[in-house]
Amino acid sequence: MAVMGVSVLACSSDDNSNGTPDYKTEIQGTWKDSKIIFLDKDKKVIGEQPASNNDGCGNDELEFKGDVWTSKYSYKYINGDINECRTETSSNKFVITGSKISITDEEGYNEEYEITEVSKSKLVLLDLEPLTESAVEGEKYPKGTTFVKLECVSK
């Protein structure tokens, strides 16, 4: 997933008794992509855009249930007379350490994100993997983009 700030961590009123947010509890539920925020190498905002609705097939979604992260990707499938929306899902276990989420897929590929904001209605994830110049060009992100944040809304 090529999308996922920095800034100050937001703490909701559900923080646990020692003052540290219980991110694993706070992120539980289904979240719909709403915005992509582009950051430079210093993690300063250089632009943003609404999340893709995947050619009218709907925005991508994330679901956190227990210790499983499920991603739902929608896309337009066109082949001859077939022109329809399709959806693919992938599920992987995740681990939270502080504000960082680590996911390892079936092939052993590891992804890391930082929760930069969470409330009952909004989740913001920073993808900690710097983007390559070719990835930025391929995705048509603004020149100078090194990191992305994904802003999601509660579904």
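Here the range 101-129 is the region considered, the condition is being of a type in the set (Ser, Thr, Tyr) and crowded, with 19+ Cβ neighbours inside 10 Å, and the residue that is farthest from Glu151 (Cα to Cα) is Tyr113. When the range 64-79 is limited to residues that are buried (at least 16 other Cβ atoms within 10 Å of the Cβ) and among the hydrophobic types (A, V, I, L, M, F, W, C), the one that is farthest from Phe94 (Cα to Cα) turns out to be Phe64. Residue-level analysis places Gly98 among those that are exposed (fewer than 15 other Cβ atoms within 10 Å of the Cβ) and either in contact with a strand residue (DSSP E or B) (Cβ under 9 Å, 6 or more places away or on another chain) or within 27 Å of Thr20 (Cβ to Cβ) (or both).
Conditions tested, residue by residue: (1) of a type in the set (Phe, Trp, Tyr); (2) modelled with pLDDT of 95 or more; (3) exposed (fewer than 14 other Cβ atoms within 10 Å of the Cβ).
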{"site": "Gly19", "(1), (2), (3)": "no, no, yes"}
{"site": "Thr30", "(1), (2), (3)": "no, yes, no"}
{"site": "Phe38", "(1), (2), (3)": "yes, yes, no"}
{"site": "Gln49", "(1), (2), (3)": "no, yes, yes"}
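The values are calculated or read from the model by the stated rules, or taken from the named source; none is laboratory data. Everything quoted here is computed from the prediction, not taken from an experiment. For neighbour counting, all protein chains shown are included, and Cβ atoms are generated from backbone atoms with ideal geometry for every residue, glycine included.
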